Each structure stands twice: as C-alpha cells, then as structure tokens.
Amino acid sequence: MGKSKISIIIAREFAIRVKKKSFIFTTILTPLLFAALMVVPSLIAMYSGGEEGQKIAVVDGSGIVMPYMESDDEYIFTEVTDKSVDELKGNFDNLDYFAIVGISPMDSSKNVSVVTYSRKQMNIDVQNRISRNVEAAVEEHKLKGYGIPQLEEIMADVESDVKMSTYTLDEKGEEKASKVEIFMIIGYIGSFLIYMFIFMFGSMVMRSVIEEKTTRIIEVIVSSVKPFQIMMGKILGVASVALVQFFIWIVFTLIIVTVAGSLLGLDQAAQTMAAASPEVPVEQITAAVQDEGDGFIQALKDVNYAGIVACFIIYFVLGYLLYSSMFAAVGAAVDNEADTQQLVLPITMPLIIGLFMMLHTFQYPDSALSFWGSVIPFTSPMVMMARIAYGVPAWELALSIGVLVLTFVAMAYLSGKIYRVGILMYGKKPGWKEIYKWLKY
Amino acid sequence: MGIITCSGITKKFGNFTALNSVSLDIPKGKIFGLLGPNGAGKTTLIRIINQITLPDSGELLFNGAPIRPSDVENIGYLPEERGLYKKMKVGEQAIYLAKLKGMSGKQATKELKEWFVKFSIQGWWDKKVEELSKGMAQKIQFITTVMHKPQLLILDEPFSGFDPVNVNLIRKEILALKEAGTTIILSTHNMESVEELCDNIALINKSNLIVAGGVDEIRRKYGNNHVEVIYRGTDPVALAGAPVTVVSDDIYKGNRRAVLDVSGGATSAQILGELIKGNDIVSYQELMPRMNDIFIKLVTNN
C-alpha cells in the first residue's frame, strides 16, 4: 500500500510540472542555447575578419622595416615617404587610413621605436603583428651587420619549431594527452551546473511544500498518506522531472549540433581560413591547423564523457536528495515564502561554500582542500565534479558517494521529523529552538 | 462495540497536554457530535483517529481491532482548515485524492461523475480550483471526502462557508450517508446542527472528556424538567389535578405561555387532561435546554 501511494504522489508531482508551459519552454529552448554556444564560436571563427582591406600608413624612418610589414586581406600596409607622421596625423580625417605607424630612424645601438595612431582602438592582433614585424626586421638587420657568411642558410636552420604537448601517465603507464584547459572547463561547467540545479530543484521542492501548507490541502493528504511518504514522493517527483529534462537536453543538443554541424560544413572551416591567406601556402596552414588541433581534439576525444555524465547524474541526484530534504523541512516549518530567508541560510551556506571550493579545485584538483571538499557531503557534489575530469581514484569516489548516501539517509530521517510536525503548525514563525523540539515530538 | 473505541488516550506536546486519558466509544451508524471550545483537544483527537498523530499512550480500536495504517482508506476526513490545489483541475484533483484513499482511477472517475451529476456541477470537471468560488470549492471538498465511501466520516465544521441552500444540500447528504450506514463524527460549534443531526455527543474541555452520551439524554439531564404550554385564554392556567408547579405564566405573542415544572412526576397526559378543560391549547412541548446553554454551562463551570 505504502509503495503504491508514494508512486501516486510521484506521478502527480511529475505530471503537474511537465505539463507546465515554462517546463516545455525551457526544455526546448535550452538545447538551442547549448547548441548555439557550441556552434556560434566556430561560425564566428569562420566569418570573422571584420572590415576588409583597411589601409595602414607606414612612415619608415629606419629604412629597414617596411619590407617586413606583410599585408593581407584585412590590413594593407602602405609606405608613405612624402609626408611626416605629424602631417599625416594633422590630416588624418581626410586620408583613408585606418592607422598610422611611425618608425623612428635607427639609434646608435641600431634599435628603433614605434608609435601608432588610430581613431579606433587597434585590436591586439594588429598591435602584436606590427611589433613582431618590427622586431624581426631589427634583429635581422643587426645579424646582417655581423657579416656572417651563409647567414640565410643558418637562419633557416636555426628557426625553431617547438610544439608542446603535455601528457600525464595513468597508473598503467600509458600516456594520455592531457589538456588541462579542457579538464578545467569541464570541471568548472559541471560543478556550476550541479550547484545551479540543486538550488533550482531544491527550492522547487520547498515552494511546493509551502504551497500545500498555505492552501491547507496538506491536512487532507496527510489523512491518507504518511508525512514521510508525502515528502519523499515530492522529492522523487521533482527529481524525475530534472532527470527527464537532462535527458531531453542531452539528446536534443547532440541532434542539433550534429545537424547544424553538417549543414554549415564546419569541417571546412580550416580550409576556408587557410584559403584566406594567399601569401602562405595553403598546405602549410592546413597542416599547422591540424597540428594545433590534433592535441586538442585528441584530448577532447580522450575525455571520458560517459564517465563524466554518469558522475554528473549521480552527484546531482545525491546532492539534490540531500539538499531538497533540507529544503522540504524548511518549507514545512514556515507559513509563507517570505519567512524562509533565515531558515534557508544553513542550506545555502554550504552550497555556496562548495561553489567557492570548486573555484579552487578546478585548478588544483589534487590539493588537500579539494580532497576534503569532495568527501564532505555538503560540498562533495560540486567539488567532486570539478575533479572528475582529471581522473579520481576509485576509492575516493566510493568514499565520497558512500558518505553522501549515508548523510542523505540521516538527513531525510531528521527532515521527515521536522516536516511531520511542521506541516500541521500554523501561526508563529518557529525559531531554531522550536524546530529542535519538533525532532522529539 | 463501536466503530471507534478509545481508551485512555493521552497526547502531550512538550509540556502541554493536549489530551488527558480520554476514553470514548463511537457507535456504528450514528452521527456523533464532538464538541468543545477552541483549543480543547478536539483536533488532536481527530488527528489521532486519522493516524496523523500517534498518541503517547492509550489504545485506539477501529471496528474492534487496533487501528492499522490501511484503515485510513475506510475513513474520510474533512478538516476545518481545508483547501485544494489551486492550479489543478477539479476532476483531476478529486481523482488524485481518491487514489490516495486507495481507489482505482477508473472507479474514482465513475464515482466522481455520479457526484457531479448529483450536485449538478458537470461543467466544473476541467475548471481549475482557483476559478471556483469558495462555496463551489467547498462542495468539491465535500465530494472528495466522501467519494471513496468511507465507513467513518469525520467532518470538522462541514457547514462553514456554505449559503443556506447549500447547507441544506450538505445536511441532506449527511443524513443520506447515515441512512446508508456510514458513521459520522461531526465536530462543530453550531449547536443547532448538533441538536438536529447528532445522536450522541462528547464534550471535551481543557484536554479532558467532560461528558458523553445520547443527545436527548444529556439535554434532559441538564434540563430542569420544564414543559411549555402555549394556550389561548385570559386567565392564568389552573392545574389543580396534576403534580406541577407553575414557573411562569405570561402573555406571549397574543397568546399565553406557561412554563411548568414537572419534577413531581406529572405525565403529559395528566397535564394536558387538566389544561384542556378550560383552555384552547396551541402547543405543548417538553422544554429541553438548548445544547448551546449546556455547552456554556459545562465549559464555564469546568
């Protein structure tokens, strides 16, 4: 009897939420947003470039730099010999230049200085390019000054080409490409989502408890079903809403990304980019892009997605169960939402502490703080999620999950007692002392 | 053996005693009035019968056996503070509540449709509760309380919120349910409906049971054996042949009204036999004290 009643409650809690317009709306829109987050950056990379063919005037006082200023589709460097920088500056608005670059004559130690003027802020890429080009020109000019024979061959030989790949060795001694950035991003996003969802669905439980109390339907329901079953039915009903929503999100996002990817031909992005720089042989650029990409894509491929998603689900569910039972107890203790602020503090504090710990952990996954944060049940859902992509020993995972489960059971027991008394109490807002007394009724 | 038998039920909340060793027998198929001032412990007793609260000590029998969790399916409870989910549709909601009382969805739908016809509210099925007036919502609440055909119905202030027409409708339904064999516990402060509906009552005050028994029996017990005669005539009534004392004899709405003390053992036949001799009798009735007066007397003396 008890079992089937709890399932009746779960079914209602699930149905009323899934039928809501807001649920349908967020469930459909969020994957579009996810997909947009994944697709748009590639699109921007494909079509970025801003205005094409902006002219930059170069007044080369040194006489050695201009040959090194390489133009492309975006910026065209034009040498100006008949005007000084000051003249150009004074007449800037009538001239069709995006910027003016003034290069001083070489000083006694054969160095030059560079000034640039522009109406609009120059982006960092152009600035870097100019300073790189000037440095290259000066260096080469200085080297030539030493009169070393066969300099060009030597230079070509010396030109370094260092590619850096970082690997971590796993216990079996196999190397795996480790792109710390990816792990950091996964850890950060994963923990933040867990924090957000625990908060969102936990307070959903709380509001729902308050609603039953204020409409006074709770007294009718409690005459049919045990309070603990009502509470657990509600918690599990909302959990099933969350899981269904996650499932739809994951499936939809994958579909949209796949479809959008093939429609927009993102694979060709590299080629498109390469074709845009005519000075450099296409093969070379493509190769470079692939070189750069290989380690990254390899690392992306090496991420254990199934494991991470499984952990996400486990830690969300357990963390949610723990926190929502506390949220339910608070909801039962008050008469209206305005009164929750004080009582909700001990729930939100550990959640926020967990979030702050995560900000440390996603960069230092193996520190002592990260270890303890991922064992303490109130912070472990967030902190463990930040560690998980780096790989966590099985015993630590087992310990963390075990502690979390036990804490949930204990918390559900205590919350059940508070809930049982609280839902039938009206009037004065209870203090901590009062709630402590309820545990003994 | 009644449907509910309490013996020595005690319930404390911290230092506060809500019920102090209450023993009661609620007979089957009757309407039982549970009376008492606010805060006396009625709601606690009702919650104990509903197994919402467990007593600290004492025994509660349902149909002669210790009450079990599954017995809630044979009890219908209309709390004083009641409500429904505002955003849920009426039909859906009633079926949900019936399922929680152990009915199947199919059975509940069939039963509910019959009730909707009976109350001629067929159009409400798909309305949300928030669209209903308070009285309309009360009707739905009543239906959800009784639709699983409980053996025991606990109604806490069932008439509050209803207009006189609907009070009558609910009153008729309560009597029909009694006719069909349902035992009803009626908790109310409306003493008129106690006099009219209840067969037995129990009065609880300050956590203790003060009085329990048949309504007529209690009214007689707390009355002073007066009868009231209304007659047409000008002379004060003369009753030489019957062992009565005249308490009062005045003009009353164009007639005369005499109150007689019959403690001496006079029968109605004796009194009427005497009266008929010189008077035109309009009415004759046993003058029982109002439940209201008994209530006030017992509660203030306690």
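Looking at the stretch A:387-416, which of its residues are crowded, with 18+ Cβ neighbours inside 10 Å and touching a strand residue (DSSP E or B) at 6+ places or on another chain (Cβ under 9 Å)?
Listed by number, the list holds a single entry, A:Tyr390.
Inspect the stretch A:222-239 for any residue being in a loop (DSSP other than H, G, I, E, B), without any contact (Cβ under 8 Å) to a residue 12 or more places away in the chain and open to solvent by 10 Å² or more (accessible area, probe 1.4 Å) and give the result as yes or no.
no
Given the condition within 7 Å of chain A (Cβ to nearest Cβ) and either buried (at least 17 other Cβ atoms within 10 Å of the Cβ) or at pLDDT below 90 (or both), answer yes or no: does some residue in the stretch B:53-68 qualify?
Checking the stretch B:53-68: not a single residue is within 7 Å of chain A (Cβ to nearest Cβ) and either buried (at least 17 other Cβ atoms within 10 Å of the Cβ) or at pLDDT below 90 (or both).
Which residues, counting only those in the stretch B:24-67, are in a loop (DSSP other than H, G, I, E, B) and aromatic (Phe, Trp, Tyr)?
Scanning the stretch B:24-67 gives no hits.
Given the stretch A:336-422, what helices (runs of 4 or more DSSP H) lie entirely inside it while holding 3 or more residues that are of a type in the set (Phe, Trp, Tyr)?
A:394-422
Quick check on this structure: which one of B:Glu173, B:Glu192 is under 13 Å from the mean Cα position of the chain (by Cα) and among the charged types (D, E, K, R)?
B:Glu192
Look through the stretch A:369-386, keep the residues that are open to solvent by less than 10 Å² (accessible area, probe 1.4 Å) and among the hydrophobic types (A, V, I, L, M, F, W, C), and return whichever of them is nearest to A:Tyr320 (Cα to Cα).
Checked the stretch A:369-386; the qualifying residue nearest to A:Tyr320 (Cα to Cα) is A:Met382.
Step by step: first the residues of the stretch B:130-148, then only those that are assigned to a helix (DSSP H, G or I) and of a type in the set (Gly, Ala, Ser), then the one that is surrounded by the fewest Cβ atoms within 10 Å (Cβ to Cβ). Which residue is that?
Among residues in the stretch B:130-148 that are assigned to a helix (DSSP H, G or I) and of a type in the set (Gly, Ala, Ser), the one surrounded by the fewest Cβ atoms within 10 Å (Cβ to Cβ) is B:Gly135.
What number of residues within the stretch A:211-221 are open to solvent by 10 Å² or more (accessible area, probe 1.4 Å) and either of a type in the set (A, V, I, L, M) or not in a helix (DSSP H, G or I) (or both)?
3
Say we look at the stretch B:26-47 and pick out the residues that are closer than 19 Å to B:Glu59 by Cβ and under 15 Å from the mean Cα position of the chain (by Cα); which of these is farthest from the other protein chains (Cβ to nearest Cβ)?
B:Pro27
So how many residues does the stretch A:50-89 have that are surrounded by 12 or more Cβ atoms within 10 Å (Cβ to Cβ), among the small types (Gly, Ala, Ser) and over 24 Å from A:Lys142 (Cβ atoms)?
Residues in the stretch A:50-89 being surrounded by 12 or more Cβ atoms within 10 Å (Cβ to Cβ), among the small types (Gly, Ala, Ser) and over 24 Å from A:Lys142 (Cβ atoms): 3 in total.
So which residues in the stretch B:203-235 are free of Cβ contacts under 8 Å to residues at least 24 places away in the same chain and on the phi > 0 side of the Ramachandran plot, if there are any at all?
Listed by number, the list holds a single entry, B:Gly213.
When the residues of the stretch B:72-129 are narrowed to those that are away from chain A (no Cβ under 14 Å) and of a type in the set (Gly, Ala, Ser), which ends up most open to solvent (accessible area, probe 1.4 Å)?
B:Ser120
Count, please, the residues in the stretch A:385-441 that happen to be at positive phi and more than 14 Å from chain B (Cβ to nearest Cβ).
Residues in the stretch A:385-441 being at positive phi and more than 14 Å from chain B (Cβ to nearest Cβ): 1 in total.
Mind listing whichever residues of the stretch B:170-214 are under 16 Å from B:Leu152 (Cα atoms), touching a Leu at 6+ places or on another chain (Cβ under 9 Å) and among the charged types (D, E, K, R)?
B:Lys178
For (1) of a type in the set (Asp, Glu); (2) farther than 22 Å from B:Ser23 by Cα; (3) surrounded by 13 or more Cβ atoms within 10 Å (Cβ to Cβ), each residue gets a yes or a no:
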| site | (1), (2), (3) |
| --- | --- |
| B:Arg219 | no, no, yes |
| B:Arg256 | no, yes, yes |
| B:Glu274 | yes, yes, yes |
| B:Ile281 | no, yes, yes |
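Would you check if B:Glu173 is of a type in the set (D, E, K, R), touching a residue at least 60 places away in the same chain (Cβ under 8 Å), part of a helix (DSSP H, G or I) and open to solvent by less than 70 Å² (accessible area, probe 1.4 Å)?
So B:Glu173 does not fit the description; no.
The values are calculated or read from the model by the stated rules, or taken from the named source; none is laboratory data. Predicted model, so just to flag it, every value in this text is computed and none were measured. Every residue, glycine as well, gets a Cβ built from its backbone with ideal geometry; the counts of neighbours run over all protein chains shown. When the accessible area is computed, the model is the full protein with side chains, heavy atoms only, and any ligands, DNA or RNA have been set aside. Shrake-Rupley method; radii C 1.70, N 1.55, O 1.52, S 1.80 Å.
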